[in-house]
Amino acid sequence: MRLLAPILLSCLALSCLAGDVSIRVKGPTGDVVSGVVVYLHGDDLPERLAAPRAITIHQQGKRFAPYLSVTQSGDEVVFTNRDDITHHIYSVAGPKRFSFKLRAGEERKVRPLSQAGVIPMGCNIHDWMSGYLLVVDTPYFGFTDSDGRVEFNDLAAGQYRALVWHPQLQEASDLALDFRVPETAALELHLSRPLAQLPVQKSVNDFDFLEEY
């Protein structure tokens, strides 16, 4: 028994090892890439790190703000019209289909998103408006900052895969990198092609529908 106790304590200590990982995304010429989503998959990930929440996507200046949002499956999404005109929001494809009118000052809640996937969005009235919602099935996700970095703290020991996503990615296949905690502290992911230009969120022949729409 005296020999087993130190061994058991050592095993418990190893299983509790955690680490902080910094992931930096760079373009093909070495420039940092900000505003792209990085999310993690791995063995034995916790189902959630916090209670389900609601994220907000605004319609402001006749555009989706933000253009790209990310949330975890099980969360809700609230659409809020900050313009003084009516919008007709709809999803083009993806795991959640919706279509509804949103008059000035109104908001609309979309019930919990149960499946992971990409949801492209548009407006039936202002057809130049476009936005994206990425739903992930992992609690570890974030946007790269102005230095191209995103950090994940207190990851349990184990094997992970980091994936990068943005609607303007032009990679031939999914951009991913495998790593292990606690051995890894800093990683870099390199794009083979630059991001495509963001779409222009404005019509040449601008018009508005009446509130009676």
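The values are calculated or read from the model by the stated rules, or taken from the named source; none is laboratory data. The structure displayed is predicted, hence computed values, not measured ones. Ideal geometry is used to build each Cβ from the backbone, glycine not excepted, and the neighbour counts take in all protein chains shown.
Do we find that Pro120 is in a strand (DSSP E or B) and touching a Pro at 6+ places or on another chain (Cβ under 8 Å) in this structure?
Considered against the rule, which asks whether it is in a strand (DSSP E or B) and touching a Pro at 6+ places or on another chain (Cβ under 8 Å), Pro120 comes out as yes.
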Matching residues in the range 129-149 - criterion: being buried (at least 20 other Cβ atoms within 10 Å of the Cβ), in a strand (DSSP E or B) and over 12 Å from the mean Cα position of the chain (by Cα): Gly131
Condition check for Gly74: surrounded by fewer than 18 Cβ atoms within 10 Å (Cβ to Cβ), more than 15 Å from the chain's Cα centre (by Cα), among the small types (Gly, Ala, Ser) and in a loop (DSSP other than H, G, I, E, B): no
Residues of the range 152-205 that turn out to be within 19 Å of Val32 (Cα to Cα), in contact with a Lys or Arg (Cβ under 7 Å, 6 or more places away or on another chain) and among the charged types (D, E, K, R), as a count: 2
Conditions (1) in contact with a Gly (Cβ under 7 Å, 6 or more places away or on another chain); (2) touching a residue at least 40 places away in the same chain (Cβ under 8 Å); (3) under 27 Å from Asp43 (Cα atoms): number failed by Ser130: (3)
Count of residues meeting criterion [under 22 Å from the mean Cα position of the chain (by Cα) and either of a type in the set (D, E, K, R) or in a strand (DSSP E or B) (or both)] in the range 93-113: 8
Verdict on Leu169 being outside the structural domain of Gly74 (by TED's automatic domain parsing), within 15 Å of the chain's Cα centre (by Cα) and without any contact (Cβ under 8 Å) to a residue 24 or more places away in the chain: no
